[in-house]
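This report refers to the structure that appears directly beneath it.
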Amino acid sequence: MRSDQMKRGIERAPHRSLFKALGLTDQEIARPMIGIANSANEVIPGHLHLHQISNAVKAGIRMAGGTPLEFFTIGICDGIIMGHEGMKYSLSSRELIADSVESMAMAYPFDGLVLIPNCDKIIPGMMMAAARLNLPTLLVSGGPMLAGEWKGKEIDLATLFEAVGKTKSGTLSLDELKEMEECACPGIGSCAGMFTANSMNCLSEVLGLALPYNGTIPAVSADRIRLAKESGMKVMELVRKNLLPSKILTRKAFENAITVDMAFGGSTNTSLHLPAIAREAGIPLPLQTFNKISDRTPHLCNMSPAGPYHLQDLHRAGGIPALMSELNQKKLLHGEALTVTGKTVSENIKGKKSFDLEVIRPIDNPYHPVGGLVFLFGNLAPEGAVVKRSAVDETMLKHRGPARVFESEEEALKVILNRRMKKGEVIVIRYEGPKGGPGFREMLAPTSAIVGVGMDKDVALLTDGRFSGASRGAAIGHVSPEAAAGGPIAVVQHGDLIEIDIPRKRLNLLISAKELKKRLSQWKPPKKELKGYLRRYAKMVTSAHTGAIFED
């Protein structure tokens, strides 16, 4: 056993003494030791109950003959830090989480790992660590929040962000906003739509690192506790069989994940996280791969924020296994890919079907014939930009308009909320990328404000920053290279015409090549006074097309 390095032999008597100081018996010390990376805290609604999940995992490990040893990571809630300086620490925390799990699993040579995340950057951070460490590893999340209800309609956090814009524009009263505030987030769990957290929790199943239904069982369900116990037992099987992430996180697994992502119209942030996880597994995953798969994958689930359905609806309809089974009707998945169940994808989804043909559409009756995300290229984004095509109104799929340039999210938000935009404009927000922010802030506030003031069919938003999975409208993010790296977005001027052509995957600044070259030659990076972690992060991080990974 790997853990024998710290517990076996005469020389390890002092080490065993320290374990006994924890209350462990000789029998417990002799068993396989399983590290549990738990991100529980009292700040995130999706993480408040993760101690309960961890206790269930521990029970499963003990039932299967192992000794669980729990440690903790940080966790940040994108919803609470949205729209202020705190958002600079969201994506940047992903690397800290990966490094902390690596540090604990290398300092203490565990025989296996169970990862317990639930929200936003914690999930990919832990999966990056799993790929890097290559120990028998299984992930079990805390599960999605139930949707709220207001005036007979299901609502969620995205609804409330959009309600702010409606209140500012006078179409919603302060009393109504207060009523929505009370019920949009009814309890524990990751926010109810197909936002970043739920997208990644669902994709953990598809990648093969989590048991089926990990992404959709509601946080409040007893099924979630049973899943955690089963995960604890299953990790012991992985240890016995030495089934490693390197055998699971293959190119075929990542292609499956992109396929399912396109079918359920996931968060644009998956295009950051999947390449980052793949890189840890030694697999290049360029953005062109996403476009190739998107073009052949029908969009089958109309999930919030683009549509009316929430994770509880998807679970009721059969969950990710039912969606994968539908996709496999046209052989769109690599069925031979291995998973932590010890079985292949084809074996896991055999006989699964949709119980609601609106929540999971049949393969021959999709919401859209192509996938939910698309990546744009052109002289304004030589290395790519991303848009959630499934959340864009048909009238905005092609758009040409004058640029309205802002140097930060805050500047743009004031103009949007005060309705000082003109129809047809392309709002450009720059210096919000991984290096320029620094920290690559999500911009749910501006996108929701545009929807809230009723201009999502009139203006586009373009940024080297990123968007929340809850964003919708003609919002194009991750423009690469970013402004702080000298990308073309840095030299866009007020009034420049910008052409957006989502069907043709094009994004262009309509000036001559000579003029663009001249502007770039005269550009100088703005100076920012940074300190602490963000200073180090800004020096090391790369643009979005890489997954915002650190430079080697």
Condition first: open to solvent by 30 Å² or more (accessible area, probe 1.4 Å) and either more than 30 Å from ASN418 (Cβ to Cβ) or of a type in the set (Phe, Trp, Tyr) (or both). Can you find one or more residues in the range 154-161 that meet it?
yes
Condition check: touching a Cys at 6+ places or on another chain (Cβ under 7 Å) and open to solvent by less than 10 Å² (accessible area, probe 1.4 Å). Does MET145 satisfy that?
yes
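Residue by residue, here is whether (1) farther than 14 Å from ASN198 by Cα; (2) open to solvent by less than 10 Å² (accessible area, probe 1.4 Å) holds:
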| site | (1), (2) |
| --- | --- |
| PRO245 | yes, yes |
| ILE248 | yes, yes |
| LYS252 | yes, no |
| ALA257 | no, yes |
| VAL260 | no, yes |
| GLY266 | no, yes |
| ASN269 | no, yes |
| ALA278 | yes, yes |
| ILE283 | yes, no |
Can you tell me how many residues within the range 163-184 are touching a helix residue (DSSP H, G or I) at 6+ places or on another chain (Cβ under 6 Å), assigned to a loop (DSSP other than H, G, I, E, B) and open to solvent by 50 Å² or more (accessible area, probe 1.4 Å)?
0
Hits in the range 498-508 - residues which are in contact with a helix residue (DSSP H, G or I) (Cβ under 8 Å, 6 or more places away or on another chain) and open to solvent by 10 Å² or more (accessible area, probe 1.4 Å)
LYS505
Could you check, for the range 410-417, whether at least one of its residues is more than 19 Å from LYS505 (Cα to Cα), open to solvent by 10 Å² or more (accessible area, probe 1.4 Å), in contact with a Ser or Thr (Cβ under 7 Å, 6 or more places away or on another chain) and modelled with pLDDT under 90?
no
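Suppose we filter SER325, SER346, SER294 for residues that are among the small types (Gly, Ala, Ser), under 30 Å from ALA474 (Cβ atoms) and not in a loop (DSSP other than H, G, I, E, B); which single one remains? Can you show your working first?
Numbers: SER325 fails: under 30 Å from ALA474 (Cβ atoms); SER346 fails: under 30 Å from ALA474 (Cβ atoms).
Exactly one residue qualifies, and that residue is SER294.
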Tell me, yes or no, whether the range 9-32 has at least one residue that is within 13 Å of SER231 (Cβ to Cβ) and either modelled with pLDDT of 95 or more or not aromatic (Phe, Trp, Tyr) (or both).
no
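With the requirement that a residue be in contact (Cβ under 8 Å) with a residue 12 or more places away in the chain and either under 16 Å from ASN214 (Cα atoms) or more than 20 Å from the chain's Cα centre (by Cα) (or both), what does the range 39-54 give you?
Step one: list which residues in the range 39-54 are in contact (Cβ under 8 Å) with a residue 12 or more places away in the chain, which gives 39-41, 43-54.
Once the filter is applied, which keeps residues that are in contact (Cβ under 8 Å) with a residue 12 or more places away in the chain and either under 16 Å from ASN214 (Cα atoms) or more than 20 Å from the chain's Cα centre (by Cα) (or both), the range 39-54 yields GLY46, HIS47, HIS49, LEU50, HIS51, GLN52, ILE53, SER54.
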What are the pairs with Cβ atoms under 8 angstrom where one residue, in the range 66-78, is closer than 27 Å to VAL239 by Cβ and the other, located anywhere, is aromatic (Phe, Trp, Tyr) and open to solvent by 40 Å² or more (accessible area, probe 1.4 Å)? Sequence gap at least six, or different chains.
LEU69/TYR108
Report, ordered by the first and then the second residue, all pairs with beta carbons closer than 6 Å, sequence separation of six or more or different chains, a first member in the range 520-544 that is free of Cβ contacts under 8 Å to residues at least 12 places away in the same chain, and a second member that is surrounded by 10 or more Cβ atoms within 10 Å (Cβ to Cβ).
MET540/PHE550
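To keep it simple, each residue is scored yes or no on (1) of a type in the set (A, V, I, L, M, F, W, C); (2) modelled with pLDDT under 95.
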position: HIS334; (1), (2): no, no
position: ILE360; (1), (2): yes, no
position: ILE363; (1), (2): yes, no
position: SER390; (1), (2): no, yes
position: GLY401; (1), (2): no, no
Only one of ARG420, ARG506 that is touching a residue at least 12 places away in the same chain (Cβ under 8 Å) and on the phi < 0 side of the Ramachandran plot
ARG506
Which is under 18 Å from ASP120 (Cα atoms) and either surrounded by 24 or more Cβ atoms within 10 Å (Cβ to Cβ) or touching a residue at least 40 places away in the same chain (Cβ under 8 Å) (or both), of GLY495, GLY477?
GLY477
Kindly list, by first and then second residue, each pair from a residue in the range 382-396 that is of a type in the set (A, V, I, L, M, F, W, C) to a residue that is modelled with pLDDT of 90 or more and in a helix (DSSP H, G or I), limited to pairs with Cβ atoms under 7 Å and residues at least 6 apart or on different chains.
VAL386/SER271
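The values are calculated or read from the model by the stated rules, or taken from the named source; none is laboratory data. What you see is a predicted model, and the numbers here were worked out from it, not measured in a lab. So basically every Cβ, Gly included, is an ideal-geometry build from the backbone, and we count neighbours across all protein chains shown. These accessible areas exclude ligands, DNA and RNA; they are computed on the full protein's heavy atoms, side chains included. Shrake-Rupley method; radii C 1.70, N 1.55, O 1.52, S 1.80 Å.
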